[in-house]
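Remarks on the structure that follows.
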Amino acid sequence: MTHLYITGTARRSGKSALSLGFMDRLAAAGGGAAYFRPVLTDVEDQVLKLMMTRYGSELAPENHYGMLASDAHRYFAVGDKKEVVKCILDRFRQLARHQRHVLCEGTDFSGSLPGADLDFNLELANHLGCRVVVVIDGFRRNQEQLLEDLQSLQEALDENHSQVFALFVNRVEPGLPADVLDRLKLAVRNDTPIYLLEQQPVLDMPTVGDVAQALGARLIAGNPVGLEREVVHFQVAAMELPQFLKRLENGSLVITPGDRSDLILGSLLADVSNKYPQMAGVLLTGGIQPAPEVMKLVEGMGGANLPILLVKEDTFATVMAMNKVESHLDTDNPRKLAAALALTEELPFDCCTLTGESVVEQPQVTTPLRFEYEIMQRARHQRQHVVLPEGDEERVLRAAEILLLREVADITLLGDPTVIRAKASRLGLHIDRAQLIDPVNSPLRQRYAEALHEARKHKGMSLERALDTVEDVSYFGTLMVHCGDADGMVSGAVHTTQHTIRPAFEVIRTAPGHQVISSVFLMSLADRVLVYGDCAVNPDPNAEQLAEIAVTSAATAERFGIAPRVAMLSYSTGDSGVGAAVEKVRQAVALARQKAPWFKIEGPIQYDAAVDASVARTKMPQSDVAGRATVFIFPDLNTGNNTYKAVQRTAGAVAIGPILQGLNKPVNDLSRGCTVTDIVNTVAITAIQAQGGR
């Protein structure tokens with residue numbers, strides 16, 4: 001059981017970003033994790049919504065906070081702090097009865113709650129029985145100032161007899177002397193861990209959507225996706241267009257009255273021009289709707305993403321309000337979530353350190369959140385290089401930014417670099433660390449053509465034809481992997497499965513010990529992750545091929561932390577059925593057990609007996625797999641493909657894959673309906689495959 005209390009020493013310390021990272025680790029530890037706020041300013045709090053959505057809760061939102069700030073204020077006003085603590089403690093204990101781990105994020109320093117300072121948070125942590133995580137804001141603080149902050153903090157911790165888990169100095173600017181951490185450690189107890197976290201600018205910048213929400217602004221033009229753009233600074237525009245354009249900067253939110261048609265149109269043109277910086281948006285004041293002729297022109301620019309907002313207040317009042325707008329974490333901004341998670345991912349403690357518990361054996365159920373957390377950590381641990389052939393596709397670009405932010409993999413994007421950079425700029429994405437390669441003009445083209453010619457000359461491919469073929473991004477990406485210039489490839493957001501995997505079959509081929517290339521889908525359901533194979537490659541495998549698919553799929557499951565219990569599916573269970581189809585499965589089971597006696601393999605078995613414990617007790621009461629299967633092997637492609645899609649659509653499962661098995665080097669396919677999260681997860685899986693043990 002773990003109870004942690006995260007508090008900042010000042011407002012806007014970044015404690016919510018750290019809370020997200022800690023929640024990820026607690027949820028991955030198993031046993032259930034919940035988020036709690038002692039005092040909530042607003043029932044529509046974005047961070048609370050994010051935590052409940054991301055980590056799930058069967059309880060109502062009011063179970064995740066102690067009381068509202070308006071109620072606490074009344075108690076503080078009459079000096080009744082005990083009643084505030086009593087109410088918070090009662091709610092906290094109710095929540096703790098439902099969850100093994102609870103993370104409490106302390107009150108804000110907003111001035112709206114008298115007494116809501118560091119001492120109150122430390123006192124409250126003691127009442128709740130929580131170890132304390134303290135976040136100090138290091139923004140624009142030098143060594144001497146940080147030392148003073150830590151000495152004052154240590155005094156407060158000693159006075160409150162706080163049990164400290166760790167101290168974090170957040171938003172530290174790069175370039176501090178190397179010995180600064182050693183000096184800071186002298187200011188705190190010797191056994192208290194202290195960590196420095198560099199500033200992540202993306203976390204400090206509000207998005208255009210944050211501005212719209214804070215100011216009650218209305219989006220009157222532009223693609224809603226533009227609301228995700230970060231506002232680096234705001235610029236009041238009152239001059240003529242030429243002077244205005246001279247002053248444009250990257251990330252500008254332009255504030256101007258709604259009747260300045262020249263500045264509105266100038267902003268739209270500057271946004272699509274590669275000669276001007278990427279703007280954040282336009283905020284029109286005074287409640288003045290642009291003239292109908294201007295709006296008609298704006299609406300006709302169908303490709304424009306620049307968001308144009310309208311507020312009722314005048315320009316002066318709007319500027320004053322802008323100074324109070326803050327950045328928020330929310331479910332609609334995956335890049336901020338990625339940046340927040342990246343803060344804690346390299347810290348030297350794991351779930352066992354965090355919870356004080358040791359893992360004796362592998363968990364019997366792998367939850368989706370634990371699965372995602374573990375694959376990200378494993379990919380980061382030994383970072384690999386993954387090539388994404390569809391480099392100018394929006395979802396791929398968004399996924400690439402997240403992968404680079406979290407340092408999951410080194411990324412190469414294929415396509416025209418000018419087009420890729422322009423599209424990333426229009427989307428407000430930062431992909432500077434990605435390698436961009438144009439297959440048509442790359443100096444690698446000749447070497448890859450020669451490699452393709454060597455691999456396919458027995459099929460009549462000439463060098464001239466190979467030179468043309470490697471212009472195709474799928475072939476170019478595959479040859480990058482084949483020639484050792486990349487460790488793996490992920491494609492299929494735009495291209496068909498056949499277009500993605502055919503080059504791998506032709507060039508990379510099967511790994512030693514494998515006779516067949518197969519695939520699995522990792523099916524992420526609400527409470528567990530299952531493995532389905534083969535649902536994408538082999539139309540009608542024979543008994544020997546089916547046995548190899550079963551053993552390979554079990555090994556894949558094990559590699560990704562899923563305890564393999566293999567159900568080889570058929571239309572009958574046990575010895576009850578007859579016919580060629582069920583006999584094939586029966587033979588495959590025998591062969592699979594011979595190949596890998598260390599795996600638990602059952603079959604022939606029907607799906608209900610494999611997944612439902614009550615059915616299993618009737619049909620196969622002695623089986624170690626029935627009712628508890630994690631790996632499902634379908635007898636043919638028709639059955640497997642239809643089943644995974646049925647489960648995906650009716651149960652709301654996320655299907656990651658197909659993940660190819662049996663290749664010399666990892667190449668994986670995406671569904672053309674994939675999400676950004678699907679791409680991120682598939683790249684992480686590909687990176688793990690590339691680490692070895694394929």
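The values are calculated or read from the model by the stated rules, or taken from the named source; none is laboratory data. Since we're looking at a predicted model, the values are computed, not measured. Cβ: placed from backbone, ideal geometry, glycine included. Neighbour counts: every protein chain shown. These accessible areas exclude ligands, DNA and RNA; they are computed on the full protein's heavy atoms, side chains included. Shrake-Rupley method; radii C 1.70, N 1.55, O 1.52, S 1.80 Å.
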Subject >> Any pair with Cβ under 8 angstrom, 6 or more apart, that starts in the stretch 495-506 at a residue that is in contact (Cβ under 8 Å) with a residue 24 or more places away in the chain and ends at one that is in a helix (DSSP H, G or I) and of a type in the set (S, T, N, Q) >> reply: HIS495/SER474; HIS499/SER474; THR500/SER474; ARG502/SER474; PRO503/SER474; PRO503/THR478; ALA504/THR478
**OP:** Output the qualifying pairs, or none if there are none: Cβ atoms under 6 angstrom, residues six or more apart or on different chains, first residue in the stretch 275-291 and over 16 Å from ASN305 (Cβ atoms), second residue open to solvent by 20 Å² or more (accessible area, probe 1.4 Å) and of a type outside the set (A, V, I, L, M).
**Re:** THR285/PRO257; THR285/ASP314; THR285/THR315; GLY286/PRO257; GLY286/ASP314; GLY287/LYS312; ILE288/PRO257; ILE288/ASP259
Original post:
Can you name every residue in the stretch 59-90 that is out of contact with any Leu (no Cβ under 8 Å at 6 or more places or on another chain), of a type in the set (A, V, I, L, M, F, W, C) and open to solvent by less than 60 Å² (accessible area, probe 1.4 Å)?
Top reply: ALA60, VAL84, CYS87
Original post:
modelled with pLDDT of 90 or more, crowded, with 21+ Cβ neighbours inside 10 Å, more than 20 Å from THR367 (Cα to Cα) and not small (Gly, Ala, Ser), is that true of GLU548?
Top reply: yes
Original post:
Hey, MET489 hits all of (1) touching a strand residue (DSSP E or B) at 6+ places or on another chain (Cβ under 6 Å); (2) modelled with pLDDT under 90 but one; which does it fall short on?
Top reply: (2)
Original post:
Which one of PHE76, PHE165, PHE139 is assigned to a strand (DSSP E or B) and in contact (Cβ under 8 Å) with a residue 12 or more places away in the chain?
Top reply: PHE165
Original post:
Given (1) surrounded by 15 or more Cβ atoms within 10 Å (Cβ to Cβ); (2) in contact (Cβ under 8 Å) with a residue 60 or more places away in the chain; (3) out of contact with any Asp or Glu (no Cβ under 7 Å at 6 or more places or on another chain), where does ASN170 come up short, assuming only one miss?
Top reply: (3)
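Can you name every one of the helices (runs of 4 or more DSSP H) wholly within the stretch 444-494 that holds 3 or more residues which are within 22 Å of GLN661 (Cβ to Cβ) and open to solvent by less than 10 Å² (accessible area, probe 1.4 Å)?
Once the helices (runs of 4 or more DSSP H) in the stretch 444-494 are filtered for at least 3 residues that are within 22 Å of GLN661 (Cβ to Cβ) and open to solvent by less than 10 Å² (accessible area, probe 1.4 Å), what remains is 473-482.
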**OP:** Check whether at least one residue in the stretch 33-44 is touching a residue at least 24 places away in the same chain (Cβ under 8 Å), assigned to a helix (DSSP H, G or I) and open to solvent by less than 10 Å² (accessible area, probe 1.4 Å), and report yes or no.
**Re:** no
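Of VAL169, VAL134, VAL180, VAL85, which residue is over 24 Å from TYR35 (Cα atoms) and of a type in the set (Val, Ile, Thr)? Explain how you work it out, then say what you get.
Working: VAL169 fails: over 24 Å from TYR35 (Cα atoms); VAL134 fails: over 24 Å from TYR35 (Cα atoms); VAL85 fails: over 24 Å from TYR35 (Cα atoms).
Just a single option satisfies the conditions, and that option is VAL180.
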**OP:** Inspect all residues belonging to the stretch 628-641 and state whether any of them is open to solvent by 30 Å² or more (accessible area, probe 1.4 Å), out of contact with any Cys (no Cβ under 7 Å at 6 or more places or on another chain) and not in a helix (DSSP H, G or I).
**Re:** yes
**OP:** Considering every residue within the stretch 116-125, establish whether at least one is modelled with pLDDT under 85 and under 15 Å from LEU40 (Cβ atoms).
**Re:** yes
Original post:
Of the numbered conditions (1) over 29 Å from the mean Cα position of the chain (by Cα); (2) open to solvent by 40 Å² or more (accessible area, probe 1.4 Å), VAL615 satisfies every one except a single condition; which is it?
Top reply: (2)
Original post:
Inside the stretch 33-77, can you point out the residues that are hydroxyl-bearing (Ser, Thr, Tyr) and under 18 Å from ILE6 (Cα atoms)?
Top reply: TYR35, THR41, TYR55, TYR65
Subject >> Filtered residues of the stretch 256-296 (kept if in contact with a helix residue (DSSP H, G or I) (Cβ under 6 Å, 6 or more places away or on another chain), of a type in the set (Val, Ile, Thr) and closer than 21 Å to ALA321 by Cα) >> reply: THR256, VAL282, THR285
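Is one or more of the residues making up the stretch 302-317 of a type in the set (S, T, N, Q) and open to solvent by less than 20 Å² (accessible area, probe 1.4 Å)?
Of the residues in the stretch 302-317, the ones of a type in the set (S, T, N, Q) are 305, 315.
Still in the list and also open to solvent by less than 20 Å² (accessible area, probe 1.4 Å): none.
No, there is no match, as no residue in the stretch 302-317 is of a type in the set (S, T, N, Q) and open to solvent by less than 20 Å² (accessible area, probe 1.4 Å).
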Original post:
In this structure, is ILE288 modelled with pLDDT of 85 or more and under 29 Å from the mean Cα position of the chain (by Cα)?
Top reply: no
Subject >> In the stretch 642-694, residue most open to solvent (accessible area, probe 1.4 Å) [restricted to those that are free of Cβ contacts under 8 Å to residues at least 40 places away in the same chain, of a type outside the set (D, E, K, R) and in a helix (DSSP H, G or I)] >> reply: THR650
Original post:
Here are LEU147, LEU215, LEU241: which of them is aliphatic (A, V, I, L, M) and over 30 Å from GLY287 (Cα atoms)?
Top reply: LEU147
**OP:** Output the number of residues of the stretch 229-285 satisfying the condition of being surrounded by fewer than 18 Cβ atoms within 10 Å (Cβ to Cβ), among the charged types (D, E, K, R) and closer than 28 Å to ASP330 by Cβ.
**Re:** 1
Original post:
When you look at MET620, is it open to solvent by less than 50 Å² (accessible area, probe 1.4 Å) and modelled with pLDDT under 90, yes or no?
Top reply: yes
Original post:
Taking the stretch 572-605 on its own, how many of its residues are among the polar types (S, T, N, Q) and open to solvent by 50 Å² or more (accessible area, probe 1.4 Å)?
Top reply: 3
Original post:
Of all residues in the stretch 168-180 being outside any loop (DSSP other than H, G, I, E, B) and not hydrophobic (A, V, I, L, M, F, W, C), which is farthest from VAL134 (Cα to Cα)?
Top reply: ARG171
**OP:** Being part of a loop (DSSP other than H, G, I, E, B) and either open to solvent by 40 Å² or more (accessible area, probe 1.4 Å) or at pLDDT below 85 (or both) is the filter here, so list the residues in the stretch 144-162 that pass it.
**Re:** HIS161
